[in-house]
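Before any comments, here is the structure.
The values are calculated or read from the model by the stated rules, or taken from the named source; none is laboratory data. No experiment lies behind these values; they were computed from the predicted model shown. Every residue, glycine as well, gets a Cβ built from its backbone with ideal geometry; the counts of neighbours run over all protein chains shown. These area figures cover heavy atoms from the full protein model, side chains too; ligands, DNA and RNA do not enter into them. Shrake-Rupley method; radii C 1.70, N 1.55, O 1.52, S 1.80 Å.
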Amino acid sequence: VQLQASGGGLVQPGESLRLSCAASRSYSMNVMGWYRQAPGKQRELVALIDRSGTTNYADSTKDRFTISRDSAKNMVYLQMDSLKPEDTGRYYCNLFPSSRVDYWGEGTLVTVSS
């Protein structure tokens, strides 16, 4: 079972990025989350979505990030707007809660810098 995150890159503050997560099988019955790990910091949850589409966000990403899923395509997305330098980090998608995760993969790197 693999979850492959993509879509990261280098952007300037205020710009947007859309991350995608492709699953090797259906996760439609699972709560899915996007996590990030900034340099020198612990991995943190930034957004989650349950099987009904209900979402929840970290305070730092609320009103700027939007998580969504397309269960028919086994995809989870993270639209990130108004990016800030503190959003820099490696982003991962995986099961929520993280205690259910046994493999994180490489994630995708987001760098916000002028």
Qualifying residue in the range 56-74 (condition: surrounded by fewer than 16 Cβ atoms within 10 Å (Cβ to Cβ), in a strand (DSSP E or B) and not small (Gly, Ala, Ser)): yes
In the range 77-92, the residues that are assigned to a strand (DSSP E or B) and either open to solvent by 70 Å² or more (accessible area, probe 1.4 Å) or at pLDDT below 95 (or both): Arg90
Any hit, the range 93-109, residues being open to solvent by less than 20 Å² (accessible area, probe 1.4 Å), within 17 Å of Leu3 (Cα to Cα) and either in contact with a helix residue (DSSP H, G or I) (Cβ under 9 Å, 6 or more places away or on another chain) or assigned to a loop (DSSP other than H, G, I, E, B) (or both): yes
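I'm trying to understand the selection: among the residues of the range 18-35, which are of a type in the set (A, V, I, L, M, F, W, C) and in contact with a Phe, Trp or Tyr (Cβ under 9 Å, 6 or more places away or on another chain)?
Scanning the range 18-35 gives Leu19, Cys21, Val31, Met32, Trp34.
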